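Colleague: My questions all concern the structure below.
The values are calculated or read from the model by the stated rules, or taken from the named source; none is laboratory data. Quick caveat: nothing in here was measured; it's all calculated off a predicted structure. Here the Cβ positions follow ideal geometry from the backbone for every residue, glycine too, while neighbour counts run over all protein chains shown. For accessibility, only protein heavy atoms count, side chains too; no ligands or nucleic acids. Shrake-Rupley method; radii C 1.70, N 1.55, O 1.52, S 1.80 Å.
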Amino acid sequence: MRFGRVFAVAAAASLALAGCAGGSSSSGSGDSSTLKIGFMGDLTGENSGIVIPPRNGAKLAIDEYNKTNPATKLELKEYDSQGKPEQATSLIATAVGQDKITALIGPAFSGESKAIGGQLEQNKIPSVSPSATGPGLAANGWKYWHRVVANDNDQGPAIANFLITAKSPKKAYVISDDQEYSVGLADAFEKTFKEKNVPVDRDKFAKDASDYSSTVQKVKAANPDVILFGGYYAQGSRLLKQLRDSQVTATFATGDGSLDAQLVSGAGAAAAEKAVIGCPCNIKDAGTGDEFVTKYKAAYNADPAIYATEGYDAATAIINAVKAGNTTSEKINEFLKTVDFKGVSKQIKFKENGEPQTNAIYVYQVTNGVIKNLGASTEAKLNG
């Protein structure tokens, strides 16, 4: 029912946008020397911890570009969807119809990306997501959609295969809530275990539930060796706490949506200890003296976190298009087809369907209350 309402709103918004397509090289004030670039994602909601870093990365790239005093400046317009598809649908109507954005960085999550992708396509607004990993997004035939991260059909199997190698489980349990991203990642987990002949059970709970006792009791009865959760840290931390409170000690693993310190603080350090998190991101170590780390910390008084580098690279792809003299949505989109540069996260180059050419997955583990990068999933070793 929730998705039905989302699609109904999406259809209405799409009709409203049809007569006011974006792609203009002017800002709302008519100043043709400034283009408005949108950023959409959860900036104040329960999972904002994994969206603020890519927003900061994008803002850093745009601020640096504007300081060069270019002929065409960029203005970053932020749209706080709180990760809700229905809210994203309303916001994109404002972004395209009223603000007349030329391009969009985001949406950050898969559900909102699915909800507004059609409107962006109809209005010929190029988008580059720094973090949406739903595999189905690349199957819509969209020509204006791009992302700089590997999808869950890469992430899910990489995490599951890593655990199969590291723990040799005799039984697995896969859990998710009912969000678009969560279900897709859980599907990939389950499929991989079945392909590797590891017995696996599955359960799902509502996103807005707070008591997961029914799921916890099913897991306890199944007595698995590994538990994999598809979902974001707001739900993942509560699930992990409730599992540990019920004396379920199996290895707990999850994906990029839970790669935030709030997974630890929400579950409690003791409950989160040794939890495993996979991500199509390689977070730069604050102690390396890396140039991006230094610039990011100077700007935000914080070390870069999940998808900060991807936000920077997504913005840079659009900036490079503008530097090359492309100041309309359609020309920027054409330029994105040819993009090929060494970003701070990886080499940035898009396949014909908008997917990135690079799909490496990295493994992290909570050690002494801190999330540590163990390296690429093909090489990483667990600490216990």
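Colleague: Do you know which residues across segment 94-111 are within 23 Å of the chain's Cα centre (by Cα), open to solvent by 10 Å² or more (accessible area, probe 1.4 Å) and not small (Gly, Ala, Ser)?
Modeller: 94, 109
Colleague: Output yes when any residue across segment 347-359 is of a type in the set (Phe, Trp, Tyr), touching a Gly at 6+ places or on another chain (Cβ under 7 Å) and open to solvent by less than 70 Å² (accessible area, probe 1.4 Å), and no when none is.
Modeller: No; the residues of segment 347-359 include none that is of a type in the set (Phe, Trp, Tyr), touching a Gly at 6+ places or on another chain (Cβ under 7 Å) and open to solvent by less than 70 Å² (accessible area, probe 1.4 Å).
Colleague: Between residues in segment 359-383 that are in a strand (DSSP E or B) and residues that are open to solvent by less than 40 Å² (accessible area, probe 1.4 Å) and among the acidic types (Asp, Glu), which pairs lie under 9 Å by C-beta distance while being six or more apart or on different chains?
Modeller: Final answer for the pair search is 371/260.
Colleague: Any residue in segment 312-319 that is touching a Ser or Thr at 6+ places or on another chain (Cβ under 9 Å), open to solvent by 50 Å² or more (accessible area, probe 1.4 Å) and within 18 Å of residue 360 (Cβ to Cβ)?
Modeller: no
Colleague: Here's something else I'd like to know. Residues that are buried (at least 24 other Cβ atoms within 10 Å of the Cβ), without any contact (Cβ under 8 Å) to a residue 40 or more places away in the chain, in contact with a Gly (Cβ under 9 Å, 6 or more places away or on another chain) and hydrophobic (A, V, I, L, M, F, W, C): does segment 267-276 have at least one?
Modeller: yes
Colleague: Could you list all residues from segment 119-167 that are within 24 Å of residue 199 (Cβ to Cβ) and without any contact (Cβ under 8 Å) to a residue 40 or more places away in the chain?
Modeller: 153, 157, 164, 165
Colleague: So residue 59 clears everything in (1) touching a strand residue (DSSP E or B) at 6+ places or on another chain (Cβ under 8 Å); (2) farther than 17 Å from residue 146 by Cα; (3) open to solvent by less than 10 Å² (accessible area, probe 1.4 Å) except one condition, right? Which one?
Modeller: Failing condition for residue 59: (3).
Colleague: Moving on to the next point. Being open to solvent by 30 Å² or more (accessible area, probe 1.4 Å), part of a loop (DSSP other than H, G, I, E, B) and touching a residue at least 24 places away in the same chain (Cβ under 8 Å) is the filter here; which residues of segment 320-344 pass it?
Modeller: Passing the criteria: 327, 328, 344.
Colleague: While we're here: Looking at segment 121-141, which of the residues that are open to solvent by less than 10 Å² (accessible area, probe 1.4 Å) and over 18 Å from the mean Cα position of the chain (by Cα) is nearest to residue 154 (Cα to Cα)?
Modeller: Looking at the filtered set, the residue picked out is 125.
Colleague: Scan segment 77-102 and report the pairs whose first residue is more than 23 Å from residue 33 (Cα to Cα) and whose second residue is modelled with pLDDT under 95 and among the charged types (D, E, K, R), with Cβ atoms within less than 7 Å and a gap of 6+ or a chain change.
Modeller: Listed by first residue and then by second, the contacts come to 86/5.
Colleague: Quickly run through segment 308-352 and pick out the residues that are hydroxyl-bearing (Ser, Thr, Tyr) and within 22 Å of residue 133 (Cβ to Cβ).
Modeller: Scanning segment 308-352 gives 309, 312, 316, 345.
Colleague: Tell me which strands (runs of 3 or more DSSP E) are completely within segment 41-129 and hold 2 or more residues being aliphatic (A, V, I, L, M), or say none if there are none.
Modeller: 73-80, 103-105
Colleague: I need the full set of residues from segment 75-90 which are of a type in the set (A, V, I, L, M, F, W, C) and buried (at least 22 other Cβ atoms within 10 Å of the Cβ), in order please.
Modeller: Answer for segment 75-90, where residues must be of a type in the set (A, V, I, L, M, F, W, C) and buried (at least 22 other Cβ atoms within 10 Å of the Cβ): just 88.
Colleague: Taking into account only those residues within segment 170-188 that are assigned to a loop (DSSP other than H, G, I, E, B) and either hydrophobic (A, V, I, L, M, F, W, C) or more than 16 Å from residue 240 (Cα to Cα) (or both), which is least open to solvent (accessible area, probe 1.4 Å)?
Modeller: Within segment 170-188, the match that is least open to solvent (accessible area, probe 1.4 Å) is 179.
Colleague: Check residue 383 against each of (1) in contact with an Asp or Glu (Cβ under 7 Å, 6 or more places away or on another chain); (2) farther than 18 Å from residue 105 by Cβ and name the one condition it does not meet.
Modeller: (1)
For every residue, the table says whether it meets (1) free of Cβ contacts under 8 Å to residues at least 12 places away in the same chain; (2) open to solvent by 10 Å² or more (accessible area, probe 1.4 Å); (3) more than 11 Å from residue 175 (Cβ to Cβ).
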residue: 215; (1), (2), (3): no, no, no
residue: 221; (1), (2), (3): yes, yes, yes
residue: 227; (1), (2), (3): no, no, no
residue: 240; (1), (2), (3): no, no, no
residue: 245; (1), (2), (3): no, yes, yes
residue: 249; (1), (2), (3): yes, yes, yes
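Colleague: Within segment 34-53, is there a residue that is more than 25 Å from residue 180 (Cβ to Cβ) and at pLDDT below 95?
Modeller: Checked segment 34-53: no residue is more than 25 Å from residue 180 (Cβ to Cβ) and at pLDDT below 95.
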